[in-house]
Amino acid sequence: MTTIKKKISLFLLMVLFLSPSFCFSLDLSEEIKERKIPAYIIDNTSYISVKSLLRILGCEDAWGRVEDRVFIVHEGGEIKFRLGGKQVIFEGRTEYLNSPVREVEGEVLIPVDDFGKILAGLKTEAPAVKEEPWQKKPGETAVLKKEKFVILIDPGHGGSDRGAVGNYGLEEKAVNLDIAKRMGEYLKKELAKKSNIKIYLTRDDDINVSLEERVQMAKDINADIFFSIHTNSTRYRNPEANGFETYYSGEKENLMFLPPPSDIEGLEDDYEKESALYKILEDLSATTAVDESRILADFVQERLAERLLTPDRGTKRRGFYVLKYTPMPAVLTEVGFLCNPNVEWNLRDIEVRKAIAETLGKAVLDYLAFRNFI
Ligand SMILES: [Zn+2]
């Protein structure tokens, strides 16, 4: 089900990127009255279901949803928003809602007045929010109008830290490094004309780099994306473990002095605290580094699902050290299980590594395009 939804949304994204935007205007309240569409009152605000909206727009099939992201394609262009969020991307512009989009019993509900204004072509005002460096300024199309955009690719492990080791001796650190280098090359080639986009690696050799150093590097070079590459193994080296997954952290801590990692992968198991804070973050703003990380992680999974035949294990939230302490959008992808002999065999193949590297690179390009950087 999830895969189908993702495929649909990917198709939609492709349509979104291809479709030119043009002006569009519609009187939503009038349409609701005329068509006798049922409205719901929540917190003194009138809502209609997204399906009703689609009927009004005449595009009942042209929508998709990935987790909490909803996309609609209609003749006026594109509409994107998140459940619980108060921002709507409409024809490439960011518009703001007074009341959030809601989900009630599986039905996505949108606030009538707010959407009415947007569809009538009126400009909506941004609420006062704390400005983060990656955050969109009200009325700007791009999230970030920066002179420079920095991508930091992080091949996991290295030196005496070999990471996972396959049954036939293939070491994770080597696979990660090779994929990272190829991904960097691919992005450099694809972004050759964009001299303002810089690509760096946390290591380009078989050397030890601590987790703190990786995070510090991301801060020092003021990275806009931190992209960590890993290869998986299970605790008991299950030969049947299979698939790829991408992580983002549900919380971010920007500390002057970094704490020592709790273990080699720097995974902190405080889900409870994380989820509580995550909810608050969710409520505060739709455009935090956490949200951006998740968007990027979704692109990674969508691209890998397109290219790899192994199972899609999904986008997951987990407080890995390098994800939690990097203040910018950050993801950690596990491209396959080295404890699975078939996967180990495949990962020895240069062509497979190249394909994975390009796929990860494409996900970064997806993100850059989604945010109008390219
Ligand atoms: Zn690893």
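No value in this document is a laboratory result; all are computed from the given coordinates. Note that the structure is a prediction, hence the values are computed from the model and not measured. Ideal geometry is used to build each Cβ from the backbone, glycine not excepted, and the neighbour counts take in all protein chains shown.
Below is a table of values for the structure above.
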| quantity | calculated |
| --- | --- |
| Extension reserve of the Asn238-Asp61 stretch, reckoned as 0.36 nm per residue once the Cα distance is removed | 59.5 nm |
| Sparse-neighbourhood loop sites, GluC sites (Glu not before Pro) in region 186-260 - DSSP loop, at most 16 other Cβ within 10 angstrom | Glu240, Glu253 |
| Cross-link pairs beyond the 24 Å C-alpha cut-off, checked among Lys189/Lys354; Lys148/Lys193; Lys80/Lys324 | Lys80/Lys324 |
